[in-house]
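The values are calculated or read from the model by the stated rules, or taken from the named source; none is laboratory data. From a predicted model like this one, the values you see are computed outputs, not experimental measurements. Virtual Cβ from ideal backbone geometry, glycine too; neighbours counted across all protein chains shown. These accessible areas exclude ligands, DNA and RNA; they are computed on the full protein's heavy atoms, side chains included. Shrake-Rupley method; radii C 1.70, N 1.55, O 1.52, S 1.80 Å.
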Amino acid sequence: MEYILQTDNLSKVYGTKTVLDHVSIHVPKKSIYGLVGKNGAGKTTLMRIICGLTQQSEGSYTLQGKSNGDAVRNNMGMLIEKPGIYEHMTALENLRYFSLLFGLQSQDYRKILEMVGLQNAEKKKARQFSLGMKQRLGIAISLLGNPDFLILDEPINGLDPEGVYEMRKMLETLNRENGTTIMIASHILSELYKLATDYAIIEGGCLIDEFSKETLEHACSSGVRVTVEPEYLQDAKTLIASRYPDVRCEVLSNQSLHLHEKINPADLNQFLVENKVRVCGLGTNEEDIEKFFVEKLSGGQAV
Ligand SMILES: Nc1ncnc2c1ncn2[C@@H]1O[C@H](COP(=O)(O)OP(=O)(O)OP(=O)(O)O)[C@@H](O)[C@H]1O
């Protein structure tokens, strides 16, 4: 596995307080790496060290093949805490200004604005932007110079559901089409789960666990949830009992059933539809995933 970033026992101490305690993480190239942790867990501190905004007290890291002392951040974009944008400037002016500030060559700013969905707002002053638009402009600034590695601290904080959805789509596109590795800190688990391919859980400055999406899904593969239109519930239950006689099938509501075994959802869907049951939804049990994270966060031992 090729890593864009590896940290080796990184620690940070403020006065007598250890806010990051021997953290060793491994961020695979082209991954979307979710950093999960409660408020004050140390996520921002870790990101600030990687971005060169503060120095670690102990430990080291390797960034894009270079050890921390020699790390170059030309190919990196970052959005840590609030986006630092100039409110009296338009989106386009902000991009031009930051490009000069970063010493970058002129580039296709309109394409960057299009990438973040601000193509229709290029002439509007940033002070007239919604929070979501400001966040997107912050990301547009971090995309200047076409970075291979993007570090985003809580980019969906404070966004409305539509803004969260758009942000997720945008990051997915960046990752898929440009191969950009994205490290993203968030405490909104449900959103991270939809996006991330790899995870690290941090609590009290310690790394509790690091795992891939496959590992997470395997750990939470306690079954499949199927939702049907209410009038089909009984038929669905009878059909499932005939097709999967050894699988426990629990009725959760007047339209959803939980099969307590990991069966192939596509097969189940086809079987029910062929037998004239109107299926509204099928999926793995998201509650299990949430529970998995909560248990890790509340009872985890550092690794
Ligand atoms: N400059 C500083 N001086 C002293 N303590 C600090 C400093 N910066 C951060 N801390 C402390 O370090 C701890 C970790 O903070 P950090 O911002 O890294 O957490 P976080 O996981 O990003 O939390 P949040 O989700 O709230 O942003 C907190 O207890 C915070 O008060």
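For a test of the definition: using alpha carbon positions, the gyration tensor, and the 1.5 limit on a/c, classify region 95-185 as rounded, prolate or oblate.
Because a/c hits 1.5 or more and a/b fails to exceed b/c, region 95-185 counts as oblate.
Mean separation of Cα pairs under 8 Å and 6+ residues apart, divided by the residue count of the chain: what relative contact order is that in percent?
Normalised by residue count, the contact order of the chain is 20 percent.
Can you give the local net charge around Met78? Use residues other than it whose beta-carbon is closer than 13 angstrom to its beta-carbon, Lys and Arg +1, Asp and Glu -1.
Around Met78, the charge tally is -1.
Treat each spin label as a single point 7 Å out from the Cα along the C-beta direction, and report the Asp246 to Glu162 distance in nm.
Calculated label separation equals 5.0 nm.
So how far apart, in nm, are the two label points at Glu217 and Met1 if each is 7 Å from Cα heading toward Cβ?
The answer from the label model is 1.6 nm.
Mind ranking Cys280, Cys220, Cys249 by accessible surface for me, highest first, 1.4 Å probe?
Sorted by accessible area, descending: Cys280, Cys249, Cys220.
Report, ordered by chain and residue number, the lysines lying within cross-link reach of Lys38, taken as a straight Cα distance under 17 Å and ignoring same-chain residues fewer than 8 apart.
Lys291, Lys296
Going through the DSSP H helices of the chain, which span 18 Å or more along their own axis at the Cα atoms while scoring at least -1.0 as a mean Kyte-Doolittle hydropathy?
In the chain, the long hydrophobic H runs are 286-299.
If one puts a single equal scatterer on every Cα of region 3-218 and applies the Debye formula without solvent, what log₁₀ I(q)/I(0) results at q = 0.08, 0.15 Å⁻¹?
-0.27, -0.96
Please identify the trypsin sites (Lys or Arg not before Pro) of region 1-87 that satisfy two criteria: DSSP loop assignment and at most 14 other Cβ atoms within 10 Å. Which are they?
When the trypsin sites (Lys or Arg not before Pro) of region 1-87 are filtered for loop state and at most 14 Cβ neighbours within 10 Å, Lys29, Lys38 remain.
Just in region 66-130: which GluC sites (Glu not before Pro) are loop by DSSP and have at most 10 other Cβ atoms within 10 Å?
Taking region 66-130 and a limit of 10 other Cβ atoms within 10 Å, no loop GluC sites (Glu not before Pro) are found.
Any chance you could run the full-extension gain for Glu87 through Glu229? It's 0.36 nm times the residue separation minus the Cα-Cα distance, nm to one decimal.
Stretched fully, the Glu87-Glu229 segment lengthens by 46.2 nm.
What relative contact order, as a whole-number percentage, does region 1-148 give when Cα pairs under 8 Å and 6 or more residues apart are counted?
22 percent.
Can you list residues whose amide H is under 5 Å from Thr90's amide H, if they're 5+ apart or on another chain and H is modeled 1.01 Å from N?
Amide H neighbours of Thr90, under 5 Å, 5+ apart: Ala126.
Give me the 1.4 Å probe accessible area per residue for region 3-218, excluding ligands and nucleic acids, in Å².
It amounts to 46 Å² per residue over region 3-218.
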